[in-house]
Amino acid sequence: MHFDTIIVGAGAAGIAAGRRLHDAGKRVILVEARERLGGRGWTRQVNGFALDLGCGWLHSAPRNPWSDIARTSGFTIDKTPPPWSRPSLTNGFPLEHQRGFRAALDAFYERVDEVAQSGRDVPASECLKSGDPWNALIGTVATFIAGAEWDKVSAIDLHRYADTGVNWRVPDGYGELIARHAAGLNVAINNRVHRIDHGSRPLRVETDKGAMTADAVIVTVSSTLIAGEAIVFAPALPEKLAAAAQLPLGHDDKLFLSLEQPDEFEKDSRLFGRTDRTGSGAYHMRPFGRPLIECYYGGSVAETLERGGPKAFFEFAKEELVNHFGSDFAKRIAPIAVHCWGSDVFAGGAYSYAKPGYADCRAVLAAPVNDCLFFAGEACSRDDFSTAHGAYFTGVAAAEALLK
Ligand SMILES: Cc1cc2nc3c(=O)[nH]c(=O)nc-3n(C[C@H](O)[C@H](O)[C@H](O)COP(=O)(O)OP(=O)(O)OC[C@H]3O[C@@H](n4cnc5c(N)ncnc54)[C@H](O)[C@@H]3O)c2cc1C
């Protein structure tokens, strides 16, 4: 079968590209390995709640295209400011300490900006102030932002990340919103692409269910999968693979717990499991006022917990929460959903960070090959990487480049 364009992957980037090309009258197909659409945007219905196991926050909400798509598609938007922008619960973390931590974190980001503006693409950990008592907790923040500890993360890449500081949510699910944006597009799910021949026209794409051809192909699979050669490119693309290898996906995973007697906690409040070590969970109590706790783990902790599976996540959460609220608290919580993104073979992690010295690899990854093979996905975004709106922008950019 022949198409104008084959899009590999139906996550935020693939769907955005597909929608743009479809609306321009092009004959397009999205080929998706999973049984579902949305990729790292994934809403699961559990116990009557729409739970986002992947992206949940409309970061930079006023300029986030998914905000407009939500409005026009009839999704409600919740504008409650995120817990990280407000004081945390004071258990083990008095307000005075929270102010100290906030000041130390702001000063750290200022040093990152200074170093990056001087052009030195050093590990972001070099911007920590030696001996600062808040370094451990600033390290935990790294695991949530990058999915990796600061010593692995490029200061320039971190500096480039653009954030309006306004974050909204979609109670019916960000993943659901992304998946629904594919309504009416031609999609082949459950069909893995394993080889793309791009040496002559038409391009040839081999899938689990046979080969197809196209005038152009847009690849949106994650940088970790590109680096790991989950798809074979012929001719080979060593520069592309090398760039992708410098933009690995970090580890971040969510665990949802049911919570009995939820009213004890303020709606949308938060606490850290520990403030004195790098590698602890962040606990979002009663998201949307629901009787739940959304637990977030990143970096090496998430990587280690993934090896132990769902039980290990629950045991870790229980230990950290019991430490704050006493042993009876264990009877009030039960695990209801978790997903291990690092061992998810169609993701290979949560979201990308650039290794020190390699911030410019995002542009190398995003560059088209011979005006017929295009790349999109969050890792291709210079300053909105790691997000669903960054993925969207790169998908539309690839589609626009192709339409030219
Ligand atoms: C725990 C977690 C929390 C997050 N929180 C947020 C947040 O609050 N806000 C935010 O903006 N972002 C968040 N993100 C990041 C966001 O989800 C991603 O950046 C975004 O969804 C990536 O979209 P994408 O299209 O680039 O990639 P993907 O969604 O990974 O899409 C690529 C698609 O390609 C498919 N695929 C892979 N291999 C093949 C193959 N061989 N053949 C065919 N198809 C293939 C995959 O199945 C997938 O559907 C979070 C992610 C995680 C994991």
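Here the chain exposes an accessible surface that is 51 percent carbon and sulfur, computed with a 1.4 Å probe and the other protein chains kept in place. According to the square roots a ≥ b ≥ c of the eigenvalues of the Cα gyration tensor, what is the shape class of the range 157-237, taking rounded for a/c under 1.5, prolate for a/b larger than b/c otherwise, and oblate for the remainder? Oblate.
Could you tell me which of 200, 142, 278 has its Cα farthest along the dipole of the chain towards the positive end, charges placed at Cβ (Lys, Arg +1; Asp, Glu -1), taken about the Cα centre? Of the candidates, 200 comes out farthest on the positive side.
With the highest mean first, a sort of the peptides 389-398, 302-311 on other beta-carbon atoms found within 10 angstrom per residue produces 389-398, 302-311. For residue 324, the solvent-accessible surface with a 1.4 Å probe is about 50 Å², rounded to the nearest 10. Compared with the direct C-alpha span, the chain from residue 36 to residue 288 gains 88.2 nm at full extension, assuming 0.36 nm per residue.
Counting lysine pairs in the chain whose alpha carbons fall under 23 angstrom apart, excluding pairs fewer than 8 residues apart on the same chain, gives 19. Structural descriptor for the range 1-102: relative contact order 16 percent, calculated from alpha carbon pairs under 8 angstrom and at least 6 residues apart.
For the chain, the longest principal axis of the Cα atoms and the long axis of helix 299-325 meet at an angle of about 30 degrees.
Relative to the first principal axis of the alpha-carbon coordinates of the chain, what is the inclination of helix 388-403, with its axis defined by its Cα atoms, in degrees from 0 to 90 and to the nearest 10? Orientation of helix 388-403: about 10 degrees from the principal axis.
Of all the options 158, 37, 105, the one that moves most in a Gaussian network model of the chain with Cα springs shorter than 10 angstrom is 105. Mean-square fluctuations from a GNM of the chain, with a 10 angstrom spring cutoff on Cα atoms, peak among 272, 329, 346 at 329. A straight line joining the Cα centroids of the range 316-394 and the range 1-63 runs 16 Å. Rounded, prolate or oblate, given the Cα gyration tensor of the range 1-133, with a/c below 1.5 counting as rounded? In terms of gyration-tensor shape, prolate. Per residue, the average separation of C-alpha pairs within less than 8 Å and at least 6 apart gives the range 50-131 a relative contact order of 14 percent.
Think of a 1.4 Å ball rolled over the protein heavy atoms: the chain then has 40 Å² of accessible area per residue.
Only Cα pairs under 8 Å and 6+ residues apart enter the sum, and on that basis the relative contact order of the chain stands at 24 percent.
Ordering 368-374, 55-61 by mean Cβ neighbour count within 10 Å, with the highest value first, yields 55-61, 368-374. Other residues lying with their Cβ under 15 Å from the Cβ of residue 370 contribute a combined charge of 0, Lys and Arg counting +1, Asp and Glu -1. Ordering 400, 319, 294 by accessible surface, largest first, gives 319, 400, 294; the 1.4 Å probe counts only protein heavy atoms, with every chain in place.
For the chain, the fraction of C-alpha pairs farther apart than 38 angstrom is 19 percent. Under a model in which nothing but the beta-carbon of Lys, Arg (+1) and Asp, Glu (-1) is charged, the range 14-140 shows a dipole of about 600 debye around its Cα centre.
Maximal additional length on extending the residue 330-residue 383 stretch stands at 15.0 nm, based on 0.36 nm per residue less the C-alpha distance.
The angle between the Cα long axis of helix 12-23 and the longest principal axis of the Cα atoms of the chain comes to about 40 degrees, rounded to the nearest 10. Here the chain carries DSSP beta bridges of which approximately 65% are antiparallel, counting only pairs with both residues inside.
The values are calculated or read from the model by the stated rules, or taken from the named source; none is laboratory data. Source: prediction; values computed, not measured. Reconstructed Cβ throughout: ideal geometry from the backbone, glycine too, with neighbour counts over all protein chains shown. Please note that ligands, DNA and RNA were not included when accessible areas were found on the heavy atoms of the full protein model with its side chains. Shrake-Rupley method; radii C 1.70, N 1.55, O 1.52, S 1.80 Å.
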